[in-house]
Amino acid sequence: MKTLTKAEAKRFSPGALAFYGDCVYENMVRRSIVLMGDRPSAELHAMSVKQVRASYQAAAYEKLLTITSEEEADILRRGRNSTGITAPKSSNPAEYHKATAVEALFGYLALIGDNERIEELFTVITDTER
């Protein structure tokens, strides 16, 4: 899979980064849950929904703020401040914007091929869960 330079990845809108980052983040969640042990699919789904909802990702945003580089913090800021997104009924706008920021960061890191950093950040986000 082609990786982009940082400059190329930064040219994408925060919405595009978040669109891609959503699947990257959800894949990480699903993988971590499956690796916890074999469970019925309904249980796996319930466990994953908890971690991909906006309120969980908004809390993740707060954790990430303390450990991100300036470059990563800029991606978070761009994602949080992006326009044209509407929060679903299950979330409030502030949470949803923070969740979009987290997804944008994961999308950016995936596009530049920094899988090691994705793993590091995901561990920070989920470390208190286990």
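The values are calculated or read from the model by the stated rules, or taken from the named source; none is laboratory data. Predicted, not measured: the structure shown is a model, and the values here were computed from it. Positions of Cβ are generated from backbone atoms using ideal geometry, with glycine treated the same way; all protein chains shown enter the neighbour counts.
Observations on the structure shown:
- Selected residue (only one of Ile118, Ile67 is of a type in the set (A, V, I, L, M), touching a residue at least 40 places away in the same chain (Cβ under 8 Å) and outside any helix (DSSP H, G or I)): Ile67
- Scope the stretch 1-43; condition part of a helix (DSSP H, G or I), farther than 13 Å from Gly79 by Cβ and charged (D, E, K, R); matching residues: Lys6, Glu8, Glu26, Arg30, Arg31, Glu43
- Selection within the stretch 17-43 - buried (at least 16 other Cβ atoms within 10 Å of the Cβ) and not charged (D, E, K, R): Leu17, Ala18, Tyr20, Gly21, Val24, Tyr25, Met28, Val29, Ser32, Ile33
- Scanning the stretch 71-86 for residues that are of a type in the set (Gly, Ala, Ser) and surrounded by fewer than 24 Cβ atoms within 10 Å (Cβ to Cβ), we see that the one that is modelled with the highest pLDDT is Ala73.
- So Leu111, is it crowded, with 19+ Cβ neighbours inside 10 Å and either over 13 Å from the mean Cα position of the chain (by Cα) or closer than 22 Å to Leu4 by Cα (or both): yes
- When each of Lys89, Lys50 is tested for being closer than 19 Å to Ile125 by Cβ and modelled with pLDDT under 95, the lone residue that passes is Lys50.
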